[in-house]
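Trainee: Just passing along the structure, written as structure tokens.
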Amino acid sequence: MGSYLIKRIISLIPILVGISILVFTILHLVPGDPASIMLGTEATPEAVAVLRAEMGLDKPLISQYLHWAGGLLQGDFGVSVHTGEEILPQILKRFLITLQLTIMGVVIGWILAIPFGILSAIRSHSKTDKVIRILTLLGISVPNFAIGTLLLLGLSLYFNWFPPIDVVHFWDDPAEAFKVFILPAVTMGIVVAAGVMRMTRSAFMETMDKDFIRTARAKGNSQWTVVMGHALRNSSIPIVTIAGMQIGYLLGGSVIVEQLFSIPGLGQYVLDGIYQRDYPVVQGGVLFVALVFVLVNLIIDLIYTWIDPRIKY
């Protein structure tokens with residue numbers, strides 16, 4: 001296990017280097033000059049040129065990349081060209097908000113997905129199964145911004161309730177934080193539930209046809225014991241895989257939900273950087289999300305060995 005971890009950590013280096021090069025290149029190909037945006041349309045070409053020189057934008061792209069990458073190796077993500085603030089503290093601050101939202105959304109999704117996915121598999125091709133499959137298809141088909149908009153409109157028009165604007169952390173005030181995150185978390189959770197529910201149904205239907213399940217039933221075990229004691233763990237690997245991938249996607253792709261509910265998370269921070277052509281903010285934010293994504297996948301691989309001790313690395 002130790003050697004496997006070392007190999008995986010080493011393998012992260014070329015992945016992150018490749019991502020950093022790709023993000024840096026694509027971002028600098030996007031039309032728009034940060035210096036011109038900051039100074040406005042009435043700025044003279046001389047003033048724009050001076051600001052570009054101060055920001056280092058007049059240097060060749062390879063020099064700009066090497067300067068940025070050299071700072072990353074020292075833990076320096078640079079400063080925002082728009083606000084002048086250090087980027088890493090802002091990323092960590094906003095990541096904590098996105099992390100709370102993601103965890104809550106994933107928990108809601110799992111609470112909905114796993115029981116209904118198991119029920120759909122056990123009662124396959126019944127009316128219950130058909131209803132669950134239709135709801136799953138709707139959850140996958142309807143975009144999360146549409147779900148969030150409907151939730152906001154429904155609660156505001158019929159119940160006269162609006163989510164709080166100021167973000168509160170769970171460790172400061174759990175009740176108030178629950179009010180802040182519940183609607184965006186439900187919005188994300190519905191999308192999570194749809195994917196996990198399909199995988200749960202598929203994995204359980206495959207497992208329930210195995211010989212050890214028939215043996216467990218032949219021994220006189222109850223349906224609950226067969227499902228929860230034998231089928232669940234043996235069906236968990238594909239479920240954990242899809243759930244882990246969704247956690248990574250939600251951490252980096254929650255920007256639409258954060259924008260809709262005015263949540264100042266990491267996605268919102270990167271989106272503002274894109275609007276303002278704030279290259280260091282976008283580069284640092286995307287690279288940080290990529291790092292979290294690959295670490296989540298590494299953790300999922302390690303969970304496999306706990307689910308199934310036969311797996312060896």
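Trainee: Please work out the Cα center distance from the range 107-150 to the range 9-33, rounded to the nearest Å.
Mentor: Using only Cα atoms, the two centres lie 37 Å from each other.
Trainee: Something else about it: Which order do peptides 219-225, 86-92, 184-190 fall in by mean Cβ count within 10 Å, highest first?
Mentor: 184-190, 86-92, 219-225
Trainee: Can you give the angle from 0 to 90° between the axis of helix 236-253 and the longest principal axis of the chain, with both taken from C-alpha atoms, to the nearest 10?
Mentor: Tilt relative to the chain: about 20 degrees.
Trainee: By how many nm would the segment from L66 to T215 grow when fully extended, if each residue of separation counts as 0.36 nm and the alpha-carbon distance is taken off?
Mentor: Between L66 and T215, full extension yields 47.4 nm more.
Trainee: From the Cα trace of the chain, what convex hull volume per residue do you get, rounded to a whole Å³?
Mentor: Enclosed volume per residue, from the Cα hull, is 179 Å³.
Trainee: Sticking with this structure for a sec: Ignoring everything except DSSP H segments at least 4 long, calculate the 222 nm mean residue ellipticity for the chain; use -39,500 (n - 2.57) per segment, divide by total residues, nearest 500.
Mentor: Taking each H run of at least 4 residues, the total per residue is -24500 deg cm²/dmol.
Trainee: Relative to the longest principal Cα axis of the chain, at what angle does helix 266-275 sit, 0 to 90 degrees, rounded to 10?
Mentor: It is inclined by approximately 40 degrees.
Trainee: Answer with one residue from G18, P143, A290: the one whose Cα lies farthest towards the positive end of the charge dipole of the chain, charges on Cβ with Lys, Arg +1 and Asp, Glu -1.
Mentor: The residue sitting farthest along the positive end of the dipole is P143.
Trainee: Okay, moving on. In the range 121-163, which chymotrypsin sites (Phe, Trp or Tyr not before Pro) fall in coil by DSSP and have 10 or fewer other Cβ atoms within 10 Å?
Mentor: Those that pass, being in a loop and sparsely packed, are F159.
Trainee: Next up: Give me a comma-separated list of calculated 3J(HN,Hα) values for the range 79-96, in order, Karplus coefficients 6.51, -1.76, 1.60 applied at θ = phi - 60°, integers in Hz, x for any Gly or Pro.
Mentor: Residue by residue, the range 79-96 yields 10, 5, 6, 8, 10, x, 7, 5, 7, 4, x, 5, 4, 5, 4, 7, 5, 4 Hz.
Trainee: Moving to a separate point now. Full-extension gain between I140 and Y158, please, as 0.36 nm times their residue separation minus the C-alpha to C-alpha distance.
Mentor: Difference between extended and current length: 3.9 nm.
Trainee: While we're looking at this one, here's another question. Given +1 on the Cβ of Lys and Arg, -1 on the Cβ of Asp and Glu, and no further charges, what dipole in debye does the chain carry about its Cα centre, rounded to the nearest 20?
Mentor: 2040 debye
Trainee: Angle check, please: helix 45-55 long axis (alpha carbons) against the longest principal axis of the chain (alpha carbons), in degrees 0 to 90, nearest 10.
Mentor: 60 degrees
Trainee: Also, I was wondering about something else. Which order do the peptides 109-115, 166-172, 129-135 take when ranked by the mean count of other beta-carbon atoms within 10 Å per residue, highest first?
Mentor: Peptide ranking by packing, descending: 109-115, 129-135, 166-172.
Trainee: Label 7 Å along Cα→Cβ of I303; the range 81-108 residues with amide nitrogen under 18 Å?
Mentor: Of the residues in the range 81-108, 99-108 have backbone N under 18 Å from the label point off I303.
Trainee: Give the cross-link partners of K93 among the aspartates and glutamates, using a straight C-alpha distance below 16 Å as the criterion and excluding same-chain residues fewer than 8 apart.
Mentor: Excluding near neighbours in sequence, the set is D76, E85, D166, D172, E258, D272.
Trainee: Okay, moving on. Roughly speaking, to the nearest percent, how much of the chain's 1.4 Å accessible area is carbon and sulfur?
Mentor: C and S fraction of accessible area: 68 percent.
The values are calculated or read from the model by the stated rules, or taken from the named source; none is laboratory data. Because the structure is a prediction, the values reported are computed rather than measured. Virtual Cβ from ideal backbone geometry, glycine too; neighbours counted across all protein chains shown. Accessible surface is based on the protein model in full, side chains and every heavy atom, while ligands, DNA and RNA are left aside. Shrake-Rupley method; radii C 1.70, N 1.55, O 1.52, S 1.80 Å.
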